[in-house]
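Q: Take a look at this one; I'll ask things after.
The values are calculated or read from the model by the stated rules, or taken from the named source; none is laboratory data. All values derive from a computational prediction rather than experimental measurement. So basically every Cβ, Gly included, is an ideal-geometry build from the backbone, and we count neighbours across all protein chains shown.
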Amino acid sequence: MKSTVEQLNPTRVKVTVEVPFAELEPDFDKAYKALAAQVNIPGFRKGKAPAKLLESRIGRPAVLEQVINDMIPARYSEAVEEHDLKVLAQPEIEVTKLEDNDVVEFTAEVDVRPEITLPDFSSLEVTVEVPEADDAAVDAELDNLRARFGTLKGVERGATKGDFLSVDLAATVDGEAVEEASTEGLSYELGSGTLVEGLDEAAEGLKAGESKEFTSKLVAGEYADKEAVVTVTVQTVKERELPEADDEFAQMASEFDTLDELRADLTEKVAQQAKAGLAGEIRDKVLEALLEAADVPTPEGLVENEAHQQLHQIFGDAAHNDEMINSMLEAEGTTREEFEAETKDAAARAIRTQLLLDVVAEDASTEVSQEELTQHILFQAQRYGMDPNQFVQQIQQAGQLGSLFADVRRSKALADVIEKVTVKDAQGGTVDTSEFFGTGEDAEDESAEATEATDEKNSED
């Protein structure tokens, strides 16, 4: 077998493989057996017909097709290994020459990992915003906790932001009632902006029993994109009363006996959130600087495929309903063209990041222990609210265990880069990243923890 590689562009190659028939004898034997098991020939048991008789019955082309289809995957893999290609996707294969009893040739075009030259990490510098100790953030956490134990009390005044209303909605388009846009007794927090556009402005100031009309564009249904006249009628107005922040509240809402102990715990929680946020900013800034310093070509075919899969997953059952998709996106203040472009840009950046960190990991000989992989799996299972064993079973069935392994390895590789990069605050002072990512092996563990803490915070937000 002979194989050559032609570089089509920095991320794509064409592999040409030539296989002489002399090497295909085992493949022919295998093909004859497979075909013989499918054909009934009088006078012979199934699977026992001679090759010549089998060829005369089904034709030489069918035999050749079977042989070629069976041998291509193995010969392609041999060529990939021979030329040490880092393939990124499935190849596009074409049989380009077939001379019976002589030679068969095929080509395979495939995306491959490009050559990436890593910069001197110590030459990189980023600036981050280091958060100050914030009593207001602690107060906000305390107020959020008080809100969970708050009670609603009816008021006679006009509605204001933060009040809880019971409203009736009725909509018409050109004088025709729109049933799907009408409802009664709907609970709504004024100012949340989660219902019809314009509702917050119309309902503000209304007392129980008062109504007001406003116009709004409908986003779904028969009258999607039509201007509707909407009437909101406020049935009740209630404000939330918060319990007093005292020792009694601390005992009711937490495991602490005093408000001071509760505030101390919330202060620690706010500090941890700030640390996770800063760790995330450091990671993002360093990664951005690394991407800018390293020339990472984009494999367009891989990006197109990834973006297509993401769009299909996002739109789900509406994937082929252009009208529904356009209405959904318009409600989000964007167009399909803009959304698809943003999705493609995000996919391109994610793929470039993966390629770059894979090279960093190889250059540093980064390894992932079983314990590290297990800890990552446990965190992900907890994040999705799943039993760890069930989570492992699902990712194994989906063939995603390798992806989780790669994620941990890339995280450790980035931690190694962060250790060498200069990180400064807005005043020009140097930030000690070991506080967030540790040093050496500790940096790898801290990086994983910081990544998981940041992911957890983002998912809560």
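Q: In this structure, is ILE93 surrounded by 12 or more Cβ atoms within 10 Å (Cβ to Cβ), in contact with a strand residue (DSSP E or B) (Cβ under 7 Å, 6 or more places away or on another chain), free of Cβ contacts under 8 Å to residues at least 40 places away in the same chain and of a type in the set (A, V, I, L, M)?
A: Criteria met by ILE93.
Q: Can you tell me which of GLN390, GLN380, GLN394 is surrounded by fewer than 18 Cβ atoms within 10 Å (Cβ to Cβ), under 18 Å from the mean Cα position of the chain (by Cα) and assigned by TED's automatic domain parsing to the domain that holds LYS285?
A: Values: GLN390 fails: under 18 Å from the mean Cα position of the chain (by Cα); GLN380 fails: surrounded by fewer than 18 Cβ atoms within 10 Å (Cβ to Cβ).
Answer to the check: GLN394.
Every residue, every condition in (1) more than 30 Å from LYS14 (Cβ to Cβ); (2) modelled with pLDDT under 90; (3) assigned by TED's automatic domain parsing to the domain that holds VAL87; (4) small (Gly, Ala, Ser), yes or no:
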residue	(1), (2), (3), (4)
LYS275	yes, yes, no, no
LEU302	no, no, no, no
ASN305	no, no, no, no
ALA319	yes, yes, no, yes
GLU323	yes, yes, no, no
MET328	yes, yes, no, no
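Q: Given THR267, THR231, THR236, which one is assigned by TED's automatic domain parsing to the domain that holds PHE121, modelled with pLDDT of 90 or more and not hydrophobic (A, V, I, L, M, F, W, C)?
A: After ruling out the rest, the residue left standing is THR267.
Q: Evaluate the following for GLY301: is it assigned to a helix (DSSP H, G or I), under 30 Å from ASP120 (Cβ atoms) and either of a type in the set (A, V, I, L, M, F, W, C) or in contact (Cβ under 8 Å) with a residue 60 or more places away in the chain (or both)?
A: Values: assigned to a helix (DSSP H, G or I): yes; under 30 Å from ASP120 (Cβ atoms): no; either of a type in the set (A, V, I, L, M, F, W, C) or in contact (Cβ under 8 Å) with a residue 60 or more places away in the chain (or both): yes.
Here the answer is no, as GLY301 does not meet what is asked.
Residue-by-condition table, conditions (1) among the aliphatic types (A, V, I, L, M); (2) surrounded by fewer than 14 Cβ atoms within 10 Å (Cβ to Cβ); (3) assigned by TED's automatic domain parsing to the domain that holds LEU329; (4) touching a Phe, Trp or Tyr at 6+ places or on another chain (Cβ under 7 Å):
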| site | (1), (2), (3), (4) |
| --- | --- |
| ALA202 | yes, no, no, yes |
| LEU206 | yes, no, no, no |
| GLY209 | no, yes, no, no |
| SER216 | no, no, no, no |
| VAL219 | yes, no, no, no |
| GLU222 | no, yes, no, no |
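Q: Right, another one. Can we say GLN273 is assigned to a helix (DSSP H, G or I) and within 22 Å of the chain's Cα centre (by Cα)?
A: Details: assigned to a helix (DSSP H, G or I): yes; within 22 Å of the chain's Cα centre (by Cα): no.
In short, no.
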